[in-house]
Amino acid sequence: MKACPEKAIVQSDANGVLIVDERKCKGCDWCIQACQYGGLALHPDKILAIACDLCDGEPKCVEFCPEEALELSDDSDAERKWKAALEKLPSEIEKLANMAKKKEWSQILAEAEERAKKTSQKLEAINKRQRFSKKN
């Protein structure tokens, strides 16, 4: 909100989500650059910012993430998890680089195959749920 030169972003008192006033927003993207959580983006068709509205408390990104890598957290928990992930990043990069240098493709491919399998299972479960809800 502070990064917006047009004062086009306010926070809802009811649920804390950010609301972008489309009449004021000029699409400069300063808010997007300033948001450490990635909750703002440029609208794909209009020149303005859009903010995550948490899908009325049931964030669909969390529900449908095929890697199950997303969760809704409060600020203090999110900050702790972000720092922990950043601390792990150098060792993970080094691990992958060493595997690539040693041409240990089987392990890399096995991990990718496992992720693809999980993704397929998640998408299948989502499709079943959607078909079920359409019938009822």
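The values are calculated or read from the model by the stated rules, or taken from the named source; none is laboratory data. Note that the structure is predicted; figures quoted are calculated from it, not measured. Cβ sites come from the backbone with ideal geometry, for glycine too, and all protein chains shown count toward neighbours.
Details
- Contacts under 7 angstrom Cβ, first residue in the range 92-115 being in the same structural domain as Glu67 (by TED's automatic domain parsing) and within 18 Å of Glu67 (Cβ to Cβ), partner assigned to a helix (DSSP H, G or I) and of a type outside the set (Ser, Thr, Tyr), 6 or more apart: Ile108/Met99
- Check on Met1, assigned to a helix (DSSP H, G or I) and modelled with pLDDT under 95: no
- Filter result for Ala116 (surrounded by 11 or more Cβ atoms within 10 Å (Cβ to Cβ), at pLDDT 90 or above and within 30 Å of Arg129 (Cα to Cα)): yes
- Selection status of Asp29, free of Cβ contacts under 8 Å to residues at least 40 places away in the same chain and closer than 29 Å to Leu123 by Cα: no
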